[in-house]
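Worksheet for the structure shown next.
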């Protein structure tokens with residue numbers, strides 16, 4: 001049993017999302033099981049395999065919230081008893097998942113579980129630890145001649161950490177070339193810092209941000225406080 005955590009038992013009422021000072025474009029997910037796995041992620045003693053599992057479990061809650069406004073279409077199905085009307089995700093609306101490498105890979109897997117017919121475009125961004133500015137090292141968006149009409153697409157960028165917001169802005173700068181409407185872009189994260197939210201909203205005020213927790217601030221080297229450390233290194237055992 002993990003001995004680094006002290007426990008106090010209390011009952012917390014369930015609400016699907018918490019209000020934030022940023023309005024309805026910033027959503028913080030709320031659930032007792034999400035809080036449990038966030039605590040495991042924060043604990044520096046959590047081993048790599050358990051850390052990866054908890055990232056995926058928190059991502060389940062985040063993606064459920066992030067996809068709740070997907071457009072649907074009516075359809076008829078036949079149950080073992082009778083015909084009935086149901087709803088499916090609108091087939092004429094392209095779905096796109098963009099994991100930011102490398103930490104976004106596990107969230108990308110969960111997003112694809114929820115939307116198995118989505119396209120997945122990877123973007124690799126690396127932050128300079130001195131300037132905190134991102135640089136692109138991988139871009140797997142389709143070439144200009146291979147692109148479909150993305151004007152009605154719903155696009156989900158997934159990255160565990162929204163810290164300075166530099167990588168998020170850089171990713172959207174790249175992705176915006178597809179022609180996806182800004183209001184149809186969602187940035188999904190495990191944690192977010194106020195500085196990252198403000199930076200992202202300054203450049204792209206109409207996107208939606210969904211996160212598992214809104215933390216206090218960034219420290220002097222751009223890490224989220226209290227945070228969970230480097231999500232990529234802790235996920236892949238490269239500390």
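Structure data summary
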{"item": "Within the range 17-33, considering residues that are at pLDDT 75 or above and surrounded by 15 or more Cβ atoms within 10 Å (Cβ to Cβ), the one nearest to residue 207 (Cα to Cα)", "result": "25"}
{"item": "Any chance residue 45 is assigned to a helix (DSSP H, G or I), modelled with pLDDT of 90 or more, out of contact with any strand residue (DSSP E or B) (no Cβ under 8 Å at 6 or more places or on another chain) and surrounded by fewer than 17 Cβ atoms within 10 Å (Cβ to Cβ)", "result": "no"}
{"item": "Within the range 225-234, considering residues that are in contact with a helix residue (DSSP H, G or I) (Cβ under 9 Å, 6 or more places away or on another chain) and more than 15 Å from residue 107 (Cβ to Cβ), the one surrounded by the most Cβ atoms within 10 Å (Cβ to Cβ)", "result": "227"}
{"item": "Boolean, residue 222 is at positive phi and surrounded by fewer than 20 Cβ atoms within 10 Å (Cβ to Cβ)", "result": "yes"}
{"item": "In the range 174-214, the residues that are in a helix (DSSP H, G or I) and either surrounded by 23 or more Cβ atoms within 10 Å (Cβ to Cβ) or touching a helix residue (DSSP H, G or I) at 6+ places or on another chain (Cβ under 8 Å) (or both)", "result": "176, 182, 196, 197, 199, 200, 203"}
{"item": "Which listed residue, of 110, 96, is touching a helix residue (DSSP H, G or I) at 6+ places or on another chain (Cβ under 7 Å) and surrounded by 15 or more Cβ atoms within 10 Å (Cβ to Cβ)", "result": "110"}
{"item": "The range 139-159, residues that are modelled with pLDDT of 80 or more and either surrounded by 12 or more Cβ atoms within 10 Å (Cβ to Cβ) or under 15 Å from residue 104 (Cβ atoms) (or both)", "result": "150, 152, 153, 154, 155, 156, 157, 158, 159"}
{"item": "Single unsatisfied condition, residue 73 versus (1) assigned to a strand (DSSP E or B); (2) farther than 18 Å from residue 115 by Cβ", "result": "(2)"}
{"item": "Considering residues of the range 89-138 that are in a strand (DSSP E or B) and at pLDDT 90 or above only, the residue nearest to residue 223 (Cα to Cα)", "result": "99"}
{"item": "Residues located in the range 215-239, provided they are in contact with a strand residue (DSSP E or B) (Cβ under 8 Å, 6 or more places away or on another chain), within 16 Å of residue 168 (Cα to Cα) and not in a helix (DSSP H, G or I)", "result": "218, 222, 224"}
{"item": "Test: residue 58 is outside any loop (DSSP other than H, G, I, E, B), touching a residue at least 24 places away in the same chain (Cβ under 8 Å) and under 26 Å from residue 150 (Cα atoms)", "result": "no"}
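The values are calculated or read from the model by the stated rules, or taken from the named source; none is laboratory data. Note that the structure is predicted; figures quoted are calculated from it, not measured. Heads up, the Cβs are rebuilt from the backbone with ideal geometry, glycines too, and the neighbour counts pull from every protein chain shown.
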